[in-house]
Amino acid sequence: MVCALQVGGVECGGGMDDGAEDVLGGLKAASELSWDATHRFMYLVTDNPCHGLIYHNDFVSGHEKGPRDRFPLIEQEPLQLRAEDILQALYNKKVAFSFCKITDFTDIMITKFNQIFRSIAEKARCERDEASSASSSSSQATDSESAVAAPSISGDYIKTLQVKDVNLINIIANTTLFSLSSSWASSAYTENGE
């Protein structure tokens, strides 16, 4: 299994002197990948939220040393990364996003990310509706344009997986296989994005 081979040898460690993680930096790197496969899956695994107090409650950080967040204001983040821009890029690339929840410290971040995704999806739906009504007599999209349509968001865009003393590789593999079979059986992504 490719996933096990890729992730199996990864060692985590250290971290800086605060509880917040560079989640946005990791998501930005993921958003810059080519993502040319028909089925696109991404798993975010972290035990703490990203920098910025809008993504966590500073008093409930799981970190024991130093300040809980070195960059509590988004403007202080060194690379000026914005979740809205990064999540928009992932949405545009039609990536199925799953989050492996290890602690409750990430709840506010994932709730905020889902709010951003819902806003992105609503804007895309409005733009599609406008374009559809403006050009109802124009030709249909080509097969290559509609082969992988943007996912619709009726609930949470990010599927959250609870990780508690289990093999993470098995969770990822089983969820991916389930998502693929669901996609093939029930058209999780339809041609019009709904």
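The values are calculated or read from the model by the stated rules, or taken from the named source; none is laboratory data. None of these values were measured; they are calculated from a predicted model. Because the Cβ atoms are built from the backbone with ideal geometry, glycine has one as well, and the counts that use them run over all protein chains shown. Calculation scope for accessible area: heavy atoms of the full protein, side chains included, ligands and nucleic acids excluded. Shrake-Rupley method; radii C 1.70, N 1.55, O 1.52, S 1.80 Å.
Looking only at segment 119-166, residues that are farther than 21 Å from Ala83 by Cα, modelled with pLDDT under 75 and either part of a loop (DSSP other than H, G, I, E, B) or open to solvent by 90 Å² or more (accessible area, probe 1.4 Å) (or both) come to 17 in all. Being surrounded by fewer than 17 Cβ atoms within 10 Å (Cβ to Cβ) and modelled with pLDDT under 85, is that true of even one residue in segment 77-90? Yes, segment 77-90 contains a residue that is surrounded by fewer than 17 Cβ atoms within 10 Å (Cβ to Cβ) and modelled with pLDDT under 85. Just so you know, in segment 47-70 the residues that are at pLDDT 85 or above and over 13 Å from Asp104 (Cα atoms) include one that is surrounded by the fewest Cβ atoms within 10 Å (Cβ to Cβ), and it is Ile54.
Listed by first and then second residue, the pairs linking a residue in segment 99-126 that is of a type in the set (S, T, N, Q) to a residue that is open to solvent by less than 20 Å² (accessible area, probe 1.4 Å), with Cβ atoms under 7 Å apart and 6 or more places separating them unless they lie on different chains, are Thr106/Thr46; Thr106/Asn48; Thr106/Pro49; Asn114/Ile158.
Test Leu5 against the stated conditions and say whether it is among the hydrophobic types (A, V, I, L, M, F, W, C), at pLDDT below 85, at negative phi and not in a loop (DSSP other than H, G, I, E, B). Yes, satisfied.
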